[in-house]
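Structure first, commentary second.
The values are calculated or read from the model by the stated rules, or taken from the named source; none is laboratory data. Given the structure is predicted, the values throughout are model-derived calculations rather than measurements. Methodologically, a virtual Cβ is constructed for each residue, glycine included, from the backbone with ideal geometry; neighbour enumeration extends over all protein chains shown.
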Amino acid sequence: MVRAVIIDVDDTLCMTEAASFDLVNDVLARMGRPPMDRTVHRSTWGEVLLDAMPARSPGVDLARFAELFPPAHQEYLAAGKLDVIPPENLAALDELVAAGRKVLLLTSRAEAEIAHMLAPDHVLNGRISAAYHQGNTRFRKPDPRAFDELLTETGLTPGECVYVGDSPGDAVAAGGAGIRFIACLQSGVRRLEDFDPRFVTAVVDVFPEVTTAVARLE
């Protein structure tokens, strides 16, 4: 039985690449820097934010960017521009939970970037069992050790888990950890050809198809 479905956040549970592109360019504008090109953002999408910024804006003052980003991030959240989870995706989570599966999040986001989604009044409350991020993991995807804390704390074995993500790095991390991987292509940022087929167990065009894909793995 698949006991746990582990889910990536960005462009998997919610579509965020376009909004994040606008957000980062907003912060760069506040710094008096020129905007980055969309192709550059997409080519670095999925990387840890501060690790990606030198490529997105060569010569950027990372300390200043890190100072300005959190308040801008909060503004986007308050305005409903970021991290909107569609009702059909919430329904899919409910279906997974009703089937007796544990739902967990694993993301490369910093703790401050995921904290609002873990609040008691958030729609994810009661739907996910735990979330793993930069604040409580030692390693980042595509390093397979990104799953270490999750597996240790839950007592789950890799064979009991499935990871759902949108990037080739997600697939590499899962495959290296011995976890089956479902590629979600909904954002359109990546194509199936971008993934190493050795690490892809199943493919879904939209997130709600995950419930059927997981059931078929049993």
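Scanning the stretch 76-98 for residues that are closer than 17 Å to residue 25 by Cα and exposed (fewer than 13 other Cβ atoms within 10 Å of the Cβ) gives a single hit, 79.
Can you pull out every residue in the stretch 21-53 that is surrounded by 19 or more Cβ atoms within 10 Å (Cβ to Cβ) and within 29 Å of residue 102 (Cα to Cα)? Selection gives 45, 46, 49. No other residue among 177, 173, 183 is assigned by TED's automatic domain parsing to the domain that holds residue 105 and surrounded by fewer than 24 Cβ atoms within 10 Å (Cβ to Cβ) apart from 177. Assessment of the stretch 99-117 against the conditions (closer than 27 Å to residue 201 by Cβ, surrounded by fewer than 18 Cβ atoms within 10 Å (Cβ to Cβ) and modelled with pLDDT of 95 or more) yields at least one matching residue.
The residues listed here are 95, 75, 88; of these, the one that is out of contact with any helix residue (DSSP H, G or I) (no Cβ under 7 Å at 6 or more places or on another chain) and in a helix (DSSP H, G or I) is 75. Among the candidates 84, 123, the residue that is among the β-branched types (Val, Ile, Thr) and within 16 Å of the chain's Cα centre (by Cα) is uniquely 84. Selection of the stretch 98-122 for residues being outside any loop (DSSP other than H, G, I, E, B) and either on the phi > 0 side of the Ramachandran plot or acidic (Asp, Glu) (or both) yields 111, 113. Just one of the listed residues (114, 128, 182) is under 16 Å from the mean Cα position of the chain (by Cα) and over 22 Å from residue 47 (Cα atoms), and it is 128. Residues that are among the hydrophobic types (A, V, I, L, M, F, W, C) and either over 18 Å from residue 141 (Cβ atoms) or outside any helix (DSSP H, G or I) (or both) within the stretch 54-64 comprise 60, 62, 63, listed in sequence order.
Any residue at all in the stretch 194-207 that's assigned to a helix (DSSP H, G or I), within 16 Å of the chain's Cα centre (by Cα) and in contact (Cβ under 8 Å) with a residue 12 or more places away in the chain?
yes
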